[in-house]
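Structure provided below as structure tokens; questions to follow.
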Amino acid sequence: MSINLQTFSDELAALTQRASQQIVRVEGRSRLPASGIIYSADGVIVTAHHVVERNDNLRIGLPNGESVDATLVGRDPGVDLAVLRVQQSAPDVATWIEAGDLRVGNLILAVGRPGKNVQATIGVVSALGGAWRTGAGSEIDHYLQTDVVMYPGFSGGALLTMDGRIAGVNSSALVRGASVTIPATTVKRVVETLLTHGHVPRGYLGVGLQPVRLDAAMQEALSQPTGLMLMSVEADSPAALGGLLQGDVLVTLDGAPVRQLDELQALLSSERAGKTVPVRFVRAGVVQEKQVTIGQK
């Protein structure tokens, strides 16, 4: 198969130029500006949470060179996404592609606008995986890693496929030393939630917790080495209303083991907020179970 490299080069340049109409500059921190993506025609911008260090005096550099004020709609630090809004309507908005439609080895472009002009760098999809939990207990629907060099200010910009669709929002803050992209599925879920609520609802129990090792007999009976001891229980909290007491040791929530704090945080997702679920715990050496309605905050 012969490849005309000049034609390929020209097509890449044309692709970048078309994508530039969907990429904006985000001025939300004191140092180098970052990038953002035009999400909808009514002025919604999606970018990376970590590049929006202030909640006011936000500015957006539009593709036409104009600089306009922006307001913060909301943010989800757990998946490193923030949503901004400008008053100007957008003639060109992002078209998204799901991570499941990508393959390892696909050519991609990372596109950003930390300055007045759009910038791009090329690479390949180097790794794809299933859902993964961030350190904050939030879930990203697919693991998407590339070998592109994320230049300063590229966070919040787009990962672009060779047909011009956007696979996700680039972030340099989620995994140290790796170029990771927040996939379209996660982006759309979080953006729509922030547009509706202004924040991502989280479940909560209203307790203070400490991981503790179970005794040998309990480890064997439960097939897990540790649980979470309730060091404190807030008055009228979901835990208190559900009958949990200080000193109880949680071992499962909604059928899933809770051996460490991050496992419980992951289970207290927005999907469980408001739902009544079974909670198993050890009290005075006996395993018990109660129904607890997860709170929302």
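Nothing in this text is a laboratory measurement; each read-out follows from the coordinates by a stated rule. Please read these numbers as outputs of a predicted model, since none were measured by experiment. Methodologically, a virtual Cβ is constructed for each residue, glycine included, from the backbone with ideal geometry; neighbour enumeration extends over all protein chains shown.
For Asp236 and Glu53, FRET efficiency with R0 = 45 Å and r from the beta-carbon atoms, rounded to 0.05? Present the calculation step by step, with values, prior to reporting the outcome.
On the way: r = 36 Å, r/R0 = 0.80.
After rounding to 0.05, the efficiency reads 0.80.
Return the tail of the calculated pair distribution for the stretch 1-199, meaning the percent of Cα-Cα pairs more than 28 Å apart.
Working: 3738 of 19701 pairs.
Tail of P(r) above 28 Å: 19 percent of Cα pairs.
Additional query: Using the Cα centre of the stretch 184-297 as the reference point, and only Cβ charges (+1 on K/R, -1 on D/E), how large is the resulting charge dipole? Debye, rounded to the nearest 20. All intermediate terms of the calculation are to be shown ahead of the outcome.
Details: 11 positive and 11 negative charges, 49 e Å.
The dipole of the stretch 184-297 has a size of about 240 debye.
Additional query: Order these peptides, 162-174, 106-118, 245-257, by their mean beta-carbon neighbour count within 10 angstrom, highest first. Mind showing how you got there, number by number?
Details: 162-174: 21.3, 106-118: 19.5, 245-257: 17.4.
Taking the mean over residues of other Cβ atoms within 10 Å, the ranking is 162-174, 106-118, 245-257.
Which distance in Å, rounded to a whole number, links the C-alpha centroids of the stretch 221-255 and the stretch 54-118?
When both Cα centres are located, 41 Å separates them.
Also, quick follow-up: Quick one: what are the phi-derived ³J(HN,Hα) couplings along the stretch 101-110, Karplus 6.51/-1.76/1.60 with θ = phi - 60°, whole Hz, x for glycine and proline?
8, 9, 10, 4, x, 4, 6, 9, 10, 9
Along the Cα-to-C-beta direction of Ala256, a point sits 7 Å from the Cα; which residues of the stretch 89-115 have their amide N less than 18 Å from that point?
Under cut-off, by backbone N: nothing.
Relative to the first principal axis of the alpha-carbon coordinates of the chain, what is the inclination of helix 5-19, with its axis defined by its Cα atoms, in degrees from 0 to 90 and to the nearest 10?
60
Any lysines with Cα under 27 Å of the Lys275 Cα? List them, leaving off those in the same chain fewer than 8 positions away.
Lys188, Lys290, Lys297
Can you give me the relative contact order of the stretch 203-296 as a percent, contacts being Cα pairs under 8 Å and 6 or more apart? Intermediate results must be reported in sequence, preceding the final value.
Working: 195 pairs, mean separation 28.5, N = 94.
Over the stretch 203-296, the number comes to 30 percent.
I'm a student and want to see the number: the projected area of the Cα convex hull of the stretch 203-296, averaged over all directions, in nm². Mind dumping the intermediate values first?
Working: hull surface 20.3 nm².
Taking a quarter of the hull surface, the average projection is 5.1 nm².
Using each residue's phi in the stretch 222-229, evaluate 6.51 cos²θ - 1.76 cosθ + 1.60 at θ = phi - 60° and report the 3J(HN,Hα) Karplus result to the nearest Hz, with x for Gly and Pro.
Once θ is set to phi - 60°, the couplings for the stretch 222-229 become 9, 6, 8, x, 9, x, 10, 7 Hz.
Taking the C-alpha atoms of the stretch 23-133, how large are the radius of gyration and the largest Cα-Cα span, Dmax, in Å?
So, for the stretch 23-133, Rg and Dmax equal 14.7, 41 Å respectively.
Helix 184-197 sits at what angle to the longest principal axis of the chain, using alpha carbons and giving 0 to 90 degrees rounded to 10?
Helix 184-197 and the main axis of the chain meet at about 70 degrees.
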